[in-house]
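Undergrad: Got a structure here, written out as structure tokens. Questions coming.
The values are calculated or read from the model by the stated rules, or taken from the named source; none is laboratory data. Here the structure is a predicted model, which means the values were calculated and not measured. Glycine also receives a Cβ, built like all others from the backbone with ideal geometry; neighbour counts cover every protein chain displayed.
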């Protein structure tokens, strides 16, 4: 969902219904991801979902201290000149970590929203981020 022209277009347009259907509630119902946040280029939350429910983006503030180190590391990596592997494919940008949210361990994945075609371009540093959290349980 993060390498998709439609994601960039709809998120930057503030289309909350589209974000809910494609980037947040869908991630909960299809993959079981417990929390999803979408941050703008300045790391301000523009969307928040917890346990399948869309909430005011301000709830991100509760989790921000645990997420910020990984966000900052990913942003720093994104600011570096692009590197290519032997196949000339661009390096995949992802921030991953194990974090504790509300005292519960969770898997954290953060990816920038990037174009899927050359029809859409994005200035470096203007990328929005998709944050997904899945709690680790022994069920």
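Undergrad: Right, residue 38: in contact (Cβ under 8 Å) with a residue 40 or more places away in the chain and in contact with a strand residue (DSSP E or B) (Cβ under 9 Å, 6 or more places away or on another chain) or not?
TA: yes
Undergrad: On the given criteria, is residue 113 surrounded by 16 or more Cβ atoms within 10 Å (Cβ to Cβ), touching a strand residue (DSSP E or B) at 6+ places or on another chain (Cβ under 8 Å) and modelled with pLDDT of 90 or more?
TA: Yes: the conditions hold for residue 113.
Undergrad: Filter region 99-127 for residues that are touching a residue at least 40 places away in the same chain (Cβ under 8 Å) and assigned to a strand (DSSP E or B) and give the result.
TA: Those that are touching a residue at least 40 places away in the same chain (Cβ under 8 Å) and assigned to a strand (DSSP E or B): 101, 106, 108, 110, 111, 112, 114.
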